[in-house]
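Chemist: A single structure is presented below for examination.
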Amino acid sequence: MPESATPDIELPPVWTGALDATRQSAALFAARDVAIRVTDRERIARSIPLARRQTLYPGSVHWNPCGLAGGHAGIAVMCSYFDQCFPGEGWDAVGHGFLAEGVTALENGGPEHAGLFAGLGGFAFALESLSRNGDRYQRALAAADELLAPQASELAARLSAIGTGLPVSAFDLVSGVSGVGAYLLRRDPLGVLPDVLTALVRLAEPSRGIPRWATPPELLLSESTRRVYPSGQLNCGLAHGIPGPLALLSLALLGGYEVPGQREAVRTLAQWLLSQRVDDVWGGAWPDAVPLTPAGRPTSSGASGPTRGAWCYGTPGVARSLWLAGAALDDGGLRGAAVEGMTSILRRPAELRYLPSPTFCHGVAGLLQIVLRFARDTPSDTLADASTGLVDQLLAAYDPERPFGYASWETADVAVDRAGLLDGAAGVAMTLLAAATRIEPVWDRSFLLS
């Protein structure tokens with residue numbers, strides 16, 4: 001079992017709604033309407049071929065019974081939150097229906113991989129979310145844990161064994177060890193979390209002058225990324241980069257889980273991110289990635305170009321990981337840098353945040369959820385005003401003529417109708433609910449925000 005510690009930090013206030021009565025009513029109406037639509041199985045089935053015709057990236061459109069990002073598991077997590085906010089309305093039963101196919105898959109050996117967003121880790125997260133603190137789904141949860149534990153240990157061992165030159169999928173939140181750890185922080189009956197934490201601690205160890213988690217060009221996610229980073233990169237996004245391991249290691253410390261070297265690793269990774277900050281007229285910000293030179297070293301000039309205001313890439317996700325690191329280490333400097341980063345993003349005009357979509361991953365909902373978390377941790381008028389403005393953006397984007405009430409906008413003129421949690425309407429509904437109710441959105445652990 002991991003060593004246990006209780007950090008001496010001031011507890012944040014309870015969760016409170018961020019809206020006046022008029023906005024709250026509008027947000028609840030939109031959220032409920034979206035939730036009804038995205039739990040309509042026939043509507044979901046019709047949307048898949050439609051979305052493939054709409055999108056510029058047809059290979060990205062799929063629906064996975066066990067999927068958290070785009071599948072039944074994500075809808076079940078949404079139902080869990082609606083059930084917490086509106087007990088007695090039957091949302092738990094609706095969520096149960098969306099878990100049924102995944103349970104069948106579980107009985108047949110489960111998903112092929114452990115990843116959080118499309119694999120076994122995410123389905124286990126959905127089960128736990130609907131379990132009402134383990135009172136239900138005990139058999140299914142036990143089966144998921146039995147399948148997940150050896151997969152998680154293998155992922156951790158593989159990560160520890162690699163010297164330098166890693167695909168982000170080895171350690172990131174979406175597919176890698178950090179995402180599996182997000183579930184294990186909530187439930188770890190077989191004691192696998194120390195293996196995961198130890199593997200992530202190793203990422204912070206020096207290795208011939210280059211971070212171990214550097215990604216060479218042949219291991220980058222796509223050809224388009226290789227064109228931008230022909231010699232490789234150091235990924236700075238919360239979804240796929242080093243902020244994910246930093247957030248997971250920090251949340252573990254805050255939860256009382258610690259392995260040797262963990263605090264030093266948190267300090268090292270946080271300081272590296274601080275060193276990559278770029279300043280512009282709005283303040284400090286963070287890039288998507290730092291390019292590598294042909295010799296495989298980080299470029300001395302760091303990264304340049306516009307920085308995004310999204311959860312997946314850009315300043316908000318980085319700032320949240322730095323805040324969690326500052327909370328875990330009780331470091332006011334890290335917390336201050338995180339708040340300054342958020343303030344800089346919120347100073348920018350909306351069009352310079354590069355958020356074309358209302359959805360969570362790279363859209364307004366993701367930024368709003370991070371602002372809500374910061375507003376809880378460090379209340380200020382700036383954050384309160386920002387959350388109100390972002391809710392107004394989401395309400396303005398609500399379109400009852402679309403199948404799910406919200407579309408995922410890839411560009412200014414390409415809208416794709418998706419139901420899911422990550423890139424679809426379900427994520428918008430959950431974020432609106434978080435802004436409008438007094439029930440803490442613990443589901444955002446799946447995004448490493450809490």
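The values are calculated or read from the model by the stated rules, or taken from the named source; none is laboratory data. Since we're looking at a predicted model, the values are computed, not measured. Cβ coordinates were reconstructed from backbone atoms using ideal geometry, including for glycine residues, and neighbour counts include every protein chain displayed. These accessible areas exclude ligands, DNA and RNA; they are computed on the full protein's heavy atoms, side chains included. Shrake-Rupley method; radii C 1.70, N 1.55, O 1.52, S 1.80 Å.
Chemist: Listed residues Ser178, Ser224; which is among the polar types (S, T, N, Q) and surrounded by fewer than 18 Cβ atoms within 10 Å (Cβ to Cβ)?
Modeler: The conditions single out Ser224.
Chemist: Follow-up. Among the residues of the range 304-315, is any at pLDDT below 95, basic (Lys, Arg), more than 26 Å from Gly17 (Cβ to Cβ) and not in a helix (DSSP H, G or I)?
Modeler: yes
Chemist: Here's a follow-up. Can you name every residue in the range 22-52 that is in contact (Cβ under 8 Å) with a residue 12 or more places away in the chain, out of contact with any His (no Cβ under 8 Å at 6 or more places or on another chain), β-branched (Val, Ile, Thr) and part of a helix (DSSP H, G or I)?
Modeler: Val34, Val38, Ile44 - these are the residues of the range 22-52 that are in contact (Cβ under 8 Å) with a residue 12 or more places away in the chain, out of contact with any His (no Cβ under 8 Å at 6 or more places or on another chain), β-branched (Val, Ile, Thr) and part of a helix (DSSP H, G or I).
Chemist: Here's something else I'd like to know. So how many residues does the range 346-383 have that are without any contact (Cβ under 8 Å) to a residue 24 or more places away in the chain and in a helix (DSSP H, G or I)?
Modeler: Looking only at that region, the number is 2.
Chemist: Does Ser160 satisfy the criteria of being part of a helix (DSSP H, G or I) and open to solvent by 40 Å² or more (accessible area, probe 1.4 Å)?
Modeler: So Ser160 does not fit the description; no.
Chemist: If you go through the range 173-211, how many residues are under 18 Å from Phe125 (Cα atoms), of a type outside the set (Ser, Thr, Tyr) and assigned to a loop (DSSP other than H, G, I, E, B)?
Modeler: Residues that pass the stated criteria total 11.
Chemist: Out of Gly102, Gly134, Gly122, report the one residue that is in a loop (DSSP other than H, G, I, E, B), closer than 22 Å to Asp188 by Cα and either modelled with pLDDT under 95 or touching a helix residue (DSSP H, G or I) at 6+ places or on another chain (Cβ under 6 Å) (or both).
Modeler: Testing whether each residue is in a loop (DSSP other than H, G, I, E, B), closer than 22 Å to Asp188 by Cα and either modelled with pLDDT under 95 or touching a helix residue (DSSP H, G or I) at 6+ places or on another chain (Cβ under 6 Å) (or both) leaves just Gly134.
Chemist: Same structure again: Restricting attention to the range 36-57, report how many residues are at pLDDT below 95 and either over 24 Å from Trp311 (Cα atoms) or touching a helix residue (DSSP H, G or I) at 6+ places or on another chain (Cβ under 7 Å) (or both).
Modeler: 0
Chemist: When you scan the range 44-77, how many residues do you find that are within 10 Å of Asp417 (Cβ to Cβ) and either within 18 Å of the chain's Cα centre (by Cα) or polar (S, T, N, Q) (or both)?
Modeler: 3
Chemist: Working only within the range 384-432, note down all residues that are buried (at least 21 other Cβ atoms within 10 Å of the Cβ) and in a strand (DSSP E or B).
Modeler: Correct list: Ser408, Val416.
Chemist: Examine the range 88-96 for a residue that is among the hydrophobic types (A, V, I, L, M, F, W, C), closer than 21 Å to Leu173 by Cα and either more than 23 Å from the chain's Cα centre (by Cα) or crowded, with 24+ Cβ neighbours inside 10 Å (or both), and state whether such a residue exists.
Modeler: no
Chemist: Please go through (1) of a type in the set (A, V, I, L, M); (2) more than 30 Å from Thr411 (Cβ to Cβ); (3) under 22 Å from the mean Cα position of the chain (by Cα) for Ala140 and return the number of the only condition it doesn't satisfy.
Modeler: (3)
Chemist: Let me ask something else. Looking only at the range 1-31, filter to residues that are among the charged types (D, E, K, R) and surrounded by fewer than 18 Cβ atoms within 10 Å (Cβ to Cβ); which one of those is modelled with the highest pLDDT?
Modeler: Taking the candidates together, the pick is Asp20.
Chemist: Search the range 256-280 for residues that are on the phi > 0 side of the Ramachandran plot and pair each with any residue that is outside any helix (DSSP H, G or I) and open to solvent by less than 50 Å² (accessible area, probe 1.4 Å) when their beta-carbon atoms are under 9 Å apart and the residues are at least 6 apart or on different chains.
Modeler: Gly256/Pro2; Gly256/Ala5; Gly256/Pro7; Gly261/Ala204
Chemist: Can we say Pro194 is within 17 Å of Ala114 (Cβ to Cβ), open to solvent by 10 Å² or more (accessible area, probe 1.4 Å), of a type outside the set (Asp, Glu) and touching a residue at least 60 places away in the same chain (Cβ under 8 Å)?
Modeler: yes
Chemist: Report yes if some residue within the range 55-77 is in contact with a His (Cβ under 6 Å, 6 or more places away or on another chain) and open to solvent by 10 Å² or more (accessible area, probe 1.4 Å); otherwise report no.
Modeler: Yes, there is a match, as at least one residue in the range 55-77 is in contact with a His (Cβ under 6 Å, 6 or more places away or on another chain) and open to solvent by 10 Å² or more (accessible area, probe 1.4 Å).
Chemist: Go through the range 212-234 and give me each residue that's in a loop (DSSP other than H, G, I, E, B) and at pLDDT 90 or above.
Modeler: Once the filter is applied, which keeps residues that are in a loop (DSSP other than H, G, I, E, B) and at pLDDT 90 or above, the range 212-234 yields Arg212, Trp213, Ala214, Pro216, Leu220, Tyr229, Pro230, Ser231, Gly232.
Chemist: Out of everything in the range 317-345 that is in contact (Cβ under 8 Å) with a residue 60 or more places away in the chain and β-branched (Val, Ile, Thr), what residue ends up being surrounded by the fewest Cβ atoms within 10 Å (Cβ to Cβ)?
Modeler: Among those residues, the one meeting the criterion is Thr343.
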